[in-house]
Amino acid sequence: MTDLSVAPQPIPGHGLLTGKVAVVTAAAGTGIGSATARRLLDEGADVVVSDWHERRLKQTEEELAAAFPQRRVSSAVCDVTSSEQVDGLVRAAAERFGRIDVMINNAGLGGETPVVDMTDEQWDRVLDITLTGTFRCTRAALNYFRSAGHGGVIVNNASVLGWRAQHGQAHYAAAKAGVMALTRCSAVEAAALGVRINAVAPSIARHPFLDKVTSADLLDRLSADEAFGRAAQPWEVAATIAVLASEYTSYMTGEVVSVSSQRA
């Protein structure tokens, strides 16, 4: 009998995105973004990775290029709180690889602060990166797809906290609920452009960076509460993103897919 509490190894690619060009924000480091870039490459796409941290981004680009020498990998520094930088990212990616087919909006910022103690600055920063950053990237991608005229796919990274309550997460949960609403409304508008927009809502995907910024006790408790008794591996979330980016989900738009081992 398979032990579901033991994380499986990543499955090999199946060519779901052969010939496509994808952009992934917040892709440096060890989280869902870098795992998504790796999965898209494994599925046959050429990938532009982006992040605000130049050193970590360059390291990620080099690691991906070494792991997938048959694919094109590039990087572009981008702070999603800047419309100018976001527009520049999309423009540079299209110029570098000739086109863009997929935009993965992964950038987000969390934190753990009760509302009664939360400052305006804490609230504004989480909302600006997590929600407004996703809006900026969606707008830039839609402008590109409209001018290119060949359609495309956008996948946003939301969270089950857009549906659930969790102590100290009001700003993050509000931002992710906003990402869900943005996904639904923009998808209705984008259909006329031949663009599909969907989102994933992970419960918990554990990786070294998350362990640095979140208490181990909280992560252990949240992981134990999952039906499998463990957190997701980042690649497990990335695999769902890859399917949403592919033609296997050609009839899906405006949907939020929970990547969770429990009911959302």
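The values are calculated or read from the model by the stated rules, or taken from the named source; none is laboratory data. Because the structure is a prediction, the values reported are computed rather than measured. Because the Cβ atoms are built from the backbone with ideal geometry, glycine has one as well, and the counts that use them run over all protein chains shown. Surface accessibility is based on the protein's heavy atoms, side chains included, excluding ligands, DNA and RNA. Shrake-Rupley method; radii C 1.70, N 1.55, O 1.52, S 1.80 Å.
Of everything in region 179-229, what is assigned to a loop (DSSP other than H, G, I, E, B) and either at pLDDT 70 or above or surrounded by 13 or more Cβ atoms within 10 Å (Cβ to Cβ) (or both)? Give them in sequence order. Write out each step before concluding.
Filtering region 179-229 for residues assigned to a loop (DSSP other than H, G, I, E, B) gives 194, 203-204, 206-207, 214-215, 226-229.
If the condition is that a residue be assigned to a loop (DSSP other than H, G, I, E, B) and either at pLDDT 70 or above or surrounded by 13 or more Cβ atoms within 10 Å (Cβ to Cβ) (or both), then 194, 203, 204, 206, 207, 214, 226, 227, 228, 229 are the ones that fit.
Quick check on my filter: what residues within region 98-110 are within 26 Å of residue 178 (Cα to Cα) and in a loop (DSSP other than H, G, I, E, B)? Outline the logic, then answer.
First pass over region 98-110, keeping only residues within 26 Å of residue 178 (Cα to Cα): 100-110.
If the condition is that a residue be within 26 Å of residue 178 (Cα to Cα) and in a loop (DSSP other than H, G, I, E, B), then 100, 101, 106, 107, 108, 109, 110 are the ones that fit.
In region 11-23, which residues are modelled with pLDDT under 95 and over 11 Å from residue 242 (Cβ atoms)?
Going residue by residue through region 11-23, those that are modelled with pLDDT under 95 are 11-12.
Scanning region 11-23 gives a single hit, 12.
Name the residue, out of 171, 167, 150, that is open to solvent by 20 Å² or more (accessible area, probe 1.4 Å), farther than 29 Å from residue 19 by Cα and either in contact with a helix residue (DSSP H, G or I) (Cβ under 9 Å, 6 or more places away or on another chain) or touching a residue at least 24 places away in the same chain (Cβ under 8 Å) (or both). Even if it seems obvious, please write down each step before you answer.
Details: 171 fails: open to solvent by 20 Å² or more (accessible area, probe 1.4 Å); 150 fails: farther than 29 Å from residue 19 by Cα.
Checking each option against the conditions leaves just 167.
State which residue is least open to solvent (accessible area, probe 1.4 Å) when the search covers only region 98-126 and only residues that are at pLDDT 95 or above and among the charged types (D, E, K, R).
101
Considering only residues that are β-branched (Val, Ile, Thr) and either open to solvent by 10 Å² or more (accessible area, probe 1.4 Å) or in contact with a strand residue (DSSP E or B) (Cβ under 6 Å, 6 or more places away or on another chain) (or both), which ones fall in region 127-137? Let's see the steps before the verdict.
First, pick out the residues of region 127-137 that are β-branched (Val, Ile, Thr): 129-130, 132, 134.
Passing the criteria: 129, 132, 134.
Mind counting the residues in region 98-116 that are touching a residue at least 40 places away in the same chain (Cβ under 8 Å), more than 17 Å from residue 129 (Cβ to Cβ) and not charged (D, E, K, R)?
Residues flagged as touching a residue at least 40 places away in the same chain (Cβ under 8 Å), more than 17 Å from residue 129 (Cβ to Cβ) and not charged (D, E, K, R) within region 98-116 amount to 5.
Residues in region 156-172 that are part of a loop (DSSP other than H, G, I, E, B) and of a type in the set (Gly, Ala, Ser): how many?
Let us first name the residues in region 156-172 that are part of a loop (DSSP other than H, G, I, E, B), namely 158-159, 163-169.
If we keep only those that are of a type in the set (Gly, Ala, Ser) too, we end up with 158-159, 165, 168.
Qualifying residue count, region 156-172: 4.
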